[in-house]
Structure formats: structure tokens, C-alpha cells
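Shown next, in C-alpha cells, is the structure this report addresses.
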Amino acid sequence: SMKNSGGGDYCVYDPKMAVQARDEAVLVNELRQAAQAGQFELYFQPKIDAQSLEVTAAEALLRWHHPTRGFVSPTIFIPLAEKYGLMGTIGPWVIEEASRTAGVWLKSGLRMRVAVNISGYQMRQDDLVESIQAVLERHGVQPQRFTCEITETVAMEDTQATKLTFEKMRRAGFHVSIDDFGTGYSSLGSLRKLPAAELKIDRAFVSDLEESEEARSIAKSIIDMARALNLKVIAEGVETVGQSDILVEMGCDEMQGFLFSMPITAGELQNLAMLRHSDDGGNFRNSLFAT
Ligand code: C2E
Ligand code: MG
Ligand code: MG
Ligand code: MG
């Protein structure tokens, strides 16, 4: 089992193992019932300002507590949901729950953004933006407080449907983040057309920063590209002080990763963020390494 994945043990399906067709069908059926059966939960991972070390946002990460299998990783069930057309129910569940949580945080005086991962299927729905707007309004959350994380690969699909969704996101005032950046083939020109506010450096480059000259130059290129386009840049998967130091030195604006916090429950994140904002002289790093 992999304790480090956040939110418990992923014990059943090894991503490297090919899932048998029959197993897959069973799993998909169970997944179909999961939302109704109350087996979903959102965990949240903070995004940290590289200078102040305050929490700027929280990324919602979906957890499936299967009654007999235990935790099933989203790297397994999200692709299945995409393949079998289940994002039409899972996507709205995540948006509702993330918005509701953001509303709770706001009422308690916390002003951080909430970030939701938006899949390719959702990007191609022509009423996605309107439905998010309605949910946010119901929970008293301004659109500027809502981040849509869209992977670079999906963002570069460049179909009529995704172009329209991006245009609506721009008009709605959502904060758009291009996730897993550096793995696709975006050019400056294609990025300029997107209503993106932020690029998120893929974990693959972050994890190699200390060992690989190549990873360092890729990270630096992404940061320079973001500067040229007036975008913020965030690094995902920051696990070591060494990685964090290199990223800060390169001018990275924000960071996210196990070094700062694993994905945690909404309540835990609220406590953590409250602590960060009511500065008692310490900072995130001091509190981490205090004991
Ligand atoms: P992602 O959006 O790139 O999310 C980051 C993943 O990296 C998360 O995995 C997170 O737990 C993990 N992570 C964060 N910090 C570290 C670190 O320091 N080290 C390492 N090794 N990992 C770290 P998770 O939660 O398993 O999610 C995996 C992917 O599943 C996400 O990648 C996202 O693409 C997808 N996903 C999760 N929840 C949702 C959802 O609600 N909707 C959609 N469409 N996709 C989701
Ligand atoms: Mg993400
Ligand atoms: Mg990512
Ligand atoms: Mg990633």
C-alpha cells in the first residue's frame, strides 16, 4: 500500500496492472452508485504562497471510500469515469461539494480560493459554466474564488466545444489553472489565447529538480514563459526543502505538495489555514520543522 498518496491506503488496484475487462465492468458499476451511496469525499490540499507561506487556495481531490476495496485512487477511477460517461454525475457532485465547502470557509472568515479539477468530458459540456455559476451563487461564493484546473492536454484539444467553454469561463471571471504543465506541447501563441491565470508545473519536473539539469531548465522555461504571459506559476508535488529552495530561487509564485501538507479534510484545512493567517510569528516552514 502507498501511505503517501494522501487520504489513506490505496490497496487494491495497482495502476501498472492491467485491469481485467470483467473487473473493470464491476468497478464501473460500483462507481455508478458511489455518489448516491455516500462513498465520495473531497480532500483538500493547500496551495502556498512562496513568499508569505500563507494558504492562497485549496485543491479539491476526490476520494472514493469503497465499502470492501478500501480507497480506490482517482488515477484509476477518474479515467474509468471518463471512458464510461460517468463524469456527468461525478463532475457536478465535486462542484457542488467544493462550492459548499468554500461557502463554509468564507463564513468562517477564510478568504482562500477553491480549485476543482475539470475533466475533458466536462469541458465539452455546453452548460458547464452556467451550472457552476448557479452552484456558486447558491453558496454565496464569488466566481473569482473558483479555480478550474484543466490539464494542458485537455486545454490544447482546441475543439469548438472547449473553445466555447474557455470563452465562457473568461466572461464568468473564473480563475483558470493549466494543470500538469510541461507534459503537453503548448506554445506561447496557443497559451496566449487561453483565459488562464496560472500554470502549474507538473510533478515529474519538480521531483527531478535536485538531480536533473534538464528538469531544472524545463521548470525555468515554464516560469519564464509564465512571466512573459503575465501568469502566476505554481509547482505541484513539492516534497523537499531542496526542491522548494530551487523553485523560489527561480521565481515560482506558489507551491503545493507533501512538504507543506498532504490532502486533508475540509475541517483540517480550515484549522491549518486559520493558523497560517493568524500569524503568531511563526511560518509554515517553522511550524513544520519545529519538532
Ligand atoms: P492532479 O490534479 O495533478 O493532483 C495532484 C495529485 O498529486 C493528487 O493525487 C495529490 O494527492 C498528489 N500529490 C500532491 N502533492 C504531492 C507530493 O508532494 N508528492 C506526490 N507524490 N504526490 C502529490 P490524487 O489525489 O491521487 O489525484 C490524482 C489525479 O486524479 C489528479 O491529479 C487529477 O488529475 C485526478 N482527480 C482527482 N480528483 C479529481 C476530480 O474531482 N475531478 C477530476 N476530473 N479529476 C480528479
Ligand atoms: Mg489538479
Ligand atoms: Mg496537477
Ligand atoms: Mg499531476
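The values are calculated or read from the model by the stated rules, or taken from the named source; none is laboratory data. This one's a predicted model, so the numbers in the text were calculated from it and none came from an experiment. Positions of Cβ are generated from backbone atoms using ideal geometry, with glycine treated the same way; all protein chains shown enter the neighbour counts. Remember, those area values only see protein heavy atoms, side chains included, never the ligands or the DNA or RNA. Shrake-Rupley method; radii C 1.70, N 1.55, O 1.52, S 1.80 Å.
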Of the numbered conditions (1) open to solvent by 30 Å² or more (accessible area, probe 1.4 Å); (2) part of a loop (DSSP other than H, G, I, E, B); (3) more than 16 Å from ligand 2 (Cβ to nearest atom), Pro195 fails exactly one; give the number of that condition. (1)
With (1) loosely packed, with under 15 Cβ neighbours inside 10 Å; (2) more than 26 Å from Leu106 (Cα to Cα) as the list, and Ala155 as the residue in question, which single condition is left unmet? (1)
Only one residue in Ile218, Ile246, Ile223 is open to solvent by less than 20 Å² (accessible area, probe 1.4 Å) and either farther than 29 Å from Glu167 by Cα or assigned to a helix (DSSP H, G or I) (or both), so which one is that? Ile223
Take the residues in region 173-187 that are modelled with pLDDT of 95 or more and assigned to a loop (DSSP other than H, G, I, E, B); name whichever of them is farthest from ligand 1 (Cβ to nearest atom). Gly173
State whether the residues of region 42-52 include one that is within 22 Å of Val116 (Cβ to Cβ), in contact with a His (Cβ under 9 Å, 6 or more places away or on another chain) and of a type in the set (S, T, N, Q). no
Residue tally, condition in a helix (DSSP H, G or I) and crowded, with 21+ Cβ neighbours inside 10 Å, over region 198-214: 2
Is it the case, given these coordinates, that Arg138 is open to solvent by 60 Å² or more (accessible area, probe 1.4 Å), charged (D, E, K, R), at pLDDT below 95 and under 30 Å from Leu272 (Cα atoms)? no
Quick check on Ala228: is it surrounded by fewer than 18 Cβ atoms within 10 Å (Cβ to Cβ) and either within 15 Å of ligand 1 (Cβ to nearest atom) or at negative phi (or both)? yes
Do any residues in region 245-274 that are among the aromatic types (Phe, Trp, Tyr) have Cβ atoms under 7 Å from those of residues that are open to solvent by less than 40 Å² (accessible area, probe 1.4 Å) and in a helix (DSSP H, G or I), where the two are at least six apart or on different chains, and which pairs are they? Phe260/Phe284
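Among the residues of region 103-118, count how many are within 16 Å of ligand 4 (Cβ to nearest atom) and either touching a residue at least 40 places away in the same chain (Cβ under 8 Å) or open to solvent by 40 Å² or more (accessible area, probe 1.4 Å) (or both). Talk me through it step by step, then tell me what you get.
Step one: of region 103-118, the residues within 16 Å of ligand 4 (Cβ to nearest atom) are 115-118.
Going one step further and asking which of them are either touching a residue at least 40 places away in the same chain (Cβ under 8 Å) or open to solvent by 40 Å² or more (accessible area, probe 1.4 Å) (or both), we end up with 115-117.
Of the residues in region 103-118, 3 are within 16 Å of ligand 4 (Cβ to nearest atom) and either touching a residue at least 40 places away in the same chain (Cβ under 8 Å) or open to solvent by 40 Å² or more (accessible area, probe 1.4 Å) (or both).
Can you say whether Phe71 is buried (at least 19 other Cβ atoms within 10 Å of the Cβ), farther than 28 Å from Gln144 by Cα and more than 16 Å from ligand 4 (Cβ to nearest atom), as far as the supplied structure shows? Step through it out loud before you land on a result.
Working: buried (at least 19 other Cβ atoms within 10 Å of the Cβ): yes; farther than 28 Å from Gln144 by Cα: yes; more than 16 Å from ligand 4 (Cβ to nearest atom): yes.
Yes; evaluated as a whole, the condition is true for this residue.
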Every pair of residues 6+ apart whose Cβ atoms lie under 6 Å, when the first sits in region 186-206 and is closer than 16 Å to Ser221 by Cα while the second is hydroxyl-bearing (Ser, Thr, Tyr) and within 15 Å of ligand 3 (Cβ to nearest atom): Glu198/Ser177; Lys200/Ser177; Asp202/Thr183
In region 250-269, anything open to solvent by less than 10 Å² (accessible area, probe 1.4 Å) and on the phi > 0 side of the Ramachandran plot is listed as Gly257
The strands (runs of 3 or more DSSP E) lying wholly within region 43-127 that contain at least 2 residues that are within 17 Å of the chain's Cα centre (by Cα) are 55-66, 113-117
In region 174-189, how many residues are farther than 11 Å from Glu152 by Cα and open to solvent by less than 30 Å² (accessible area, probe 1.4 Å)? 3
So Thr147 fits all but one of (1) assigned to a loop (DSSP other than H, G, I, E, B); (2) touching a Ser or Thr at 6+ places or on another chain (Cβ under 6 Å); (3) closer than 23 Å to Leu42 by Cα; what number is the exception? (1)
If we scan region 235-242, do we find a residue that is under 14 Å from Leu199 (Cβ atoms) and either open to solvent by 40 Å² or more (accessible area, probe 1.4 Å) or within 16 Å of ligand 4 (Cβ to nearest atom) (or both)? yes
